[in-house]
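Engineer: Here it is: the structure, laid out below.
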Amino acid sequence: IGTPITNKTFTVDNTSPTVTLGYSSNGPYKQNDTVLITATFNEAMATSPVPKISINWSPTGISNVTTQDMTRKSSTEYEYSYTVPAGNGTGTITLSSGTDLAGNVLTTPTSNNTFTVDNTSPTAAIGYDLTGPYKQGDIVTITATFNEDMITSPVPKIAIDGGGGFADTIATDMT
């Protein structure tokens, strides 16, 4: 009989690693944008198998990305560079295959795991507060109503072609 070992400790790890996703810029994204998708794990990951990324699109029309290797940046960070295609939709990211140092398979993220591609230009409906014809000195409020949210910069501009004999209005910021 041997001498019992004393004062030794060990850790049992049966918990799957969790991951947080990040993006190199804010969306929505358009065709030919490059988005760097970063997966940050809550613990060190084994070097093999490499975590794999999939992107599934809704509605369909954009080709899905199926199980592509991510690039290891550190023991807890992996990246994937995605070039945005034509089309419109929401991409949902899932991760697979990666394990922590104890061999526990990663848990795919359930938050911040979607991003939007919007390649459709916005449209505007133009309205006037008064009905024409107009005469010199009239103040007319022109309203542009867009079919989707607009970013705050650059500010949309309006220009008016004066037509036959009237002065043109140069492009002016809308408020």
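The values are calculated or read from the model by the stated rules, or taken from the named source; none is laboratory data. Everything numeric in this text was worked out from a predicted model, so none of it was measured. A quick note on method: Cβ atoms are made from the backbone with ideal geometry, for glycine too, and the neighbour counts reach across all protein chains shown. What goes into the accessible areas is simple: the full protein's heavy atoms, side chains included, and nothing from ligands, DNA or RNA. Shrake-Rupley method; radii C 1.70, N 1.55, O 1.52, S 1.80 Å.
Engineer: Would you mind telling me the share, in percent, of accessible area of segment 64-160 contributed by carbon and sulfur at probe 1.4 angstrom?
Structural biologist: Values: 3250 of 6190 Å².
Exposed carbon and sulfur together represent 52 percent of the surface.
Engineer: Any lysines with Cα under 17 Å of the Lys73 Cα? List them, leaving off those in the same chain fewer than 8 positions away.
Structural biologist: Lys73 reaches Lys52.
Engineer: Kindly state, as a whole number, the per residue volume in cubic angstrom of the convex hull around the alpha carbon atoms of segment 89-175.
Structural biologist: Values: hull volume 13.2 nm³, N = 87.
So the per-residue hull volume is 152 Å³.
Engineer: Can you give the relative contact order of the chain as a percent, counting alpha carbon pairs under 8 Å and 6+ residues apart? Mind showing how you got there, number by number?
Structural biologist: On the way: 334 pairs, mean separation 35.5, N = 175.
That works out to 20 percent.
Engineer: R0 = 25 Å: FRET efficiency of Ser63 with Asn42, Cβ-based, nearest 0.05? Each step should come with its number before you reach the end.
Structural biologist: Numbers: r = 31 Å, r/R0 = 1.25.
FRET efficiency, Ser63 to Asn42: 0.20.
Engineer: While we're looking at this one, here's another question. So what is the accessible area of segment 102-175 per residue, in Å², with the probe set to 1.4 Å? Show your work: numbers first, answer last.
Structural biologist: On the way: 5730 Å² over 74 residues.
Value for segment 102-175: 77 Å² per residue.
Engineer: If packing is taken as the average number of other Cβ atoms within 10 Å across a peptide's residues, how do 3-11, 119-127 rank, most packed first?
Structural biologist: Working: 3-11: 5.0, 119-127: 11.0.
Peptide ranking by packing, descending: 119-127, 3-11.
Engineer: Mind listing the Cα extents of segment 1-88 along all three principal axes, in Å, largest one first?
Structural biologist: Each principal axis gives a Cα extent; for segment 1-88 these are 72, 23, 17 Å.
Engineer: Follow-up question, since we're still on this one. In the set (i) 104, 42, 21; (ii) 97, 29, 19; (iii) 111, 35, 23, which value of Cα extents along the principal axes in Å was calculated from the structure you see?
Structural biologist: The listed entry that was calculated here is (iii).
Engineer: Still on this structure: What aspartates and glutamates could a cross-link reach from Lys30, if we take a straight Cα to Cα line under 18 Å and drop same-chain neighbours fewer than 8 places away?
Structural biologist: Asp118, Glu148, Asp149
Engineer: If packing is taken as the mean number of other Cβ atoms within 10 Å per residue, what is the order of 145-151, 50-56, 88-94, 134-140, highest first? Display every interim value, and only then the final one.
Structural biologist: Details: 145-151: 10.1, 50-56: 19.4, 88-94: 17.4, 134-140: 7.6.
Packing order, densest peptide first, comes out as 50-56, 88-94, 145-151, 134-140.
Engineer: Magnitude of the Cβ-charge dipole of the chain, K/R +1 and D/E -1, about the Cα centre, nearest 20 debye? Can you show the working numbers first?
Structural biologist: Working: 7 positive and 15 negative charges, 111 e Å.
It works out to roughly 540 debye.
Engineer: Something else: Whole-Hz ³J(HN,Hα) for each residue in segment 94-106, computed from phi via Karplus 6.51 cos²θ - 1.76 cosθ + 1.60 with θ = phi - 60°, x for glycine and proline: what do you get?
Structural biologist: In residue order, the calculated couplings are 10, 10, 8, 6, x, 9, 7, 5, 8, x, 6, 6, 4 Hz.
Engineer: For Tyr29, which sequence-distant residues (separation of 5 or more, or a different chain) have an amide H within less than 5 Å of its own amide H, given hydrogens modelled in the peptide plane?
Structural biologist: Placed amide hydrogens put Thr116, Val117, Asp118 under 5 Å from Tyr29.
Engineer: Considering the options Ile170, Ala124, Ile139, tell which one lies farthest towards the positive end of the dipole of the chain, charges being +1 on Lys and Arg and -1 on Asp and Glu at the Cβ, about the Cα centre.
Structural biologist: Value computed over the given set: Ala124.
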